[in-house]
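Presented below is the structure to which this report refers.
The values are calculated or read from the model by the stated rules, or taken from the named source; none is laboratory data. The structure presented is a predicted model; accordingly, all values stated were derived computationally and were not measured. Virtual Cβ from ideal backbone geometry, glycine too; neighbours counted across all protein chains shown. These area figures cover heavy atoms from the full protein model, side chains too; ligands, DNA and RNA do not enter into them. Shrake-Rupley method; radii C 1.70, N 1.55, O 1.52, S 1.80 Å.
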Amino acid sequence: AMLPFELVEYKDRVRRTLESMDQLGIDTLLVTNPANMCWLTGYDGWSFYVHQMVIVSAALDEPLWVGRLMDANAARVTTYLKPESIYGYPDKYVQSTERHPMNYVSDLLKEKGLAGGNVGVEMETYYFTAACFTTLLTDLTNAKLKDATGLVNWQKIIKSPQEIIYERQAATIVDAMMTAGIDAIEPGVRQCDAVAEIYRVMASGTPEFGGEYSSFAPMLPTGEGTSTPHLTWTDAPFKTGEATIIETSGVRKRYNCPMARTVHLGKPPKKLAETEKVVVEGLNNAIEAARPGATAEEVEAVWSKTIAAHGIEKESRIGYSTGLNYPPDWGEATLSLRPGDTTVLQENMVIHIIPGIWMDDWGIEISDCILVTPNGGEAFCKYPRKLVVKD
């Protein structure tokens, strides 16, 4: 397999996961989040619409991969695992009303002597369903199912030197994507045609390295739509006098580097121009505050204080850790920059700081993905932090 990382790095990730399991009293861990599967083994395929997992246990020589039989070769192609550690369940388990892939998993755990003790499952992940849980509960009568949500996610939060290289490459791609998207936005041009340019650059990347699909579709709210962050595009034309937000990500080896910018066609209204200054000042201050030893809530407080001085407040978080991921999200579901999050920032964490302001019928987003360094946050992207005005 052509692995994105050295074997020793994967082995270290498994070792750290096993240590965390030991601390939490988990004997066997069923990892169903595809980002966590990839991080532990290198597995990479668009197969997360069917049930699959990586099984981690100190009783095993190495993790086991379990998935649909037709995807088992994908595990051979993309992971470091030995062929005997790869298990494919037959198609009769796929989308069946008679049986469930977790029946197969339970049988495998029994065969390996892993069907007792505490079995950890990722309860709060998009890929682990209620049926997965109830099937395991029924089949594993000698085991205790424990919630292991976030166990692997928290191991991923400090990035290795090679991970940071991939983040930097993803940043180069998203800079080019943003340039292409904003260049394409002109009065009369359809939104879908601007997004086609963003996708073209997302995939082609640079002459040195190509890009991959993002974990979020490009967000492109425009006009009144800018009052809310998570709208995609339509085939309506852009209009003079309207703003458009682009939030998208470059991706390299599944490492996402997100960025948001706002563009306005024609002279922006006073309220937008004034809010831009506040957002950029707040973003700059939050980035500077993102240094080792600061807590997540302290970084958010710097932003809140900045905007409060201008009479603005914002309810939602202003950032989160990001990196290796699959749809539907590029966030890692660990640290959030918001009041009450006392996570201490450490060097080489990667955080998307996105202090968007959304009002009744308009909004502005200017964000940057940063690396936590002893001198404060270092932005991965070069794209200027400003409201882009196209006259």
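Quick look at the numbers
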read-out	value
The stretch 302-343: number of residues that are modelled with pLDDT of 95 or more, open to solvent by 10 Å² or more (accessible area, probe 1.4 Å), among the aliphatic types (A, V, I, L, M) and more than 18 Å from GLY377 (Cα to Cα)	1
Any hit, the stretch 107-116, residues being touching a residue at least 60 places away in the same chain (Cβ under 8 Å), under 19 Å from SER249 (Cα atoms) and assigned to a loop (DSSP other than H, G, I, E, B)	no
Single residue of the stretch 350-360 satisfying the filter (buried (at least 22 other Cβ atoms within 10 Å of the Cβ) and outside any strand (DSSP E or B)) that is modelled with the lowest pLDDT	PRO355
Residues located in the stretch 219-241, provided they are in a loop (DSSP other than H, G, I, E, B) and either surrounded by fewer than 19 Cβ atoms within 10 Å (Cβ to Cβ) or at positive phi (or both)	THR228, PRO229, HIS230, LEU231, THR232, THR234, ASP235, ALA236, LYS239, THR240, GLY241
Count of the stretch 321-341 residues which are closer than 14 Å to GLU212 by Cβ and touching a helix residue (DSSP H, G or I) at 6+ places or on another chain (Cβ under 7 Å)	4
Selection count, the stretch 261-279, where residues are part of a strand (DSSP E or B) and either open to solvent by 10 Å² or more (accessible area, probe 1.4 Å) or out of contact with any helix residue (DSSP H, G or I) (no Cβ under 9 Å at 6 or more places or on another chain) (or both)	1
Selection from the stretch 165-199 of residues that are surrounded by 15 or more Cβ atoms within 10 Å (Cβ to Cβ) and part of a loop (DSSP other than H, G, I, E, B)	ILE185
When residues of the stretch 151-164 are limited to those that are part of a helix (DSSP H, G or I) and surrounded by 15 or more Cβ atoms within 10 Å (Cβ to Cβ), the one nearest to the chain's Cα centre (by Cα)	ASN153
Every residue from the stretch 95-150 that is acidic (Asp, Glu), surrounded by 15 or more Cβ atoms within 10 Å (Cβ to Cβ) and closer than 19 Å to MET21 by Cα	GLU122
Candidates GLU298, GLU247 - the one that is open to solvent by 50 Å² or more (accessible area, probe 1.4 Å) and either outside any strand (DSSP E or B) or touching a residue at least 40 places away in the same chain (Cβ under 8 Å) (or both)	GLU298
Filter result (open to solvent by 10 Å² or more (accessible area, probe 1.4 Å), closer than 16 Å to ASN256 by Cα and of a type in the set (A, V, I, L, M)) within the stretch 33-56	none
Test for LEU29: is it surrounded by fewer than 24 Cβ atoms within 10 Å (Cβ to Cβ) and modelled with pLDDT of 95 or more	no
Number of positions in the stretch 201-215 that are open to solvent by 40 Å² or more (accessible area, probe 1.4 Å) and either outside any helix (DSSP H, G or I) or touching a helix residue (DSSP H, G or I) at 6+ places or on another chain (Cβ under 7 Å) (or both)	4
Which listed residue is within 16 Å of LEU30 (Cα to Cα) and among the basic types (Lys, Arg), from LYS144, LYS92	LYS144
Per-region count, the stretch 117-135, residues in a helix (DSSP H, G or I) and closer than 14 Å to VAL31 by Cβ	1
Residue in the stretch 7-28 that is of a type in the set (A, V, I, L, M, F, W, C), without any contact (Cβ under 8 Å) to a residue 12 or more places away in the chain and not in a loop (DSSP other than H, G, I, E, B) present	yes
Residue count, the stretch 76-103 (criterion: closer than 18 Å to SER57 by Cα and in contact (Cβ under 8 Å) with a residue 12 or more places away in the chain)	8
Extreme residue, surrounded by the most Cβ atoms within 10 Å (Cβ to Cβ), among residues of the stretch 361-380 that are over 16 Å from SER321 (Cα atoms) and under 21 Å from the mean Cα position of the chain (by Cα)	ILE366
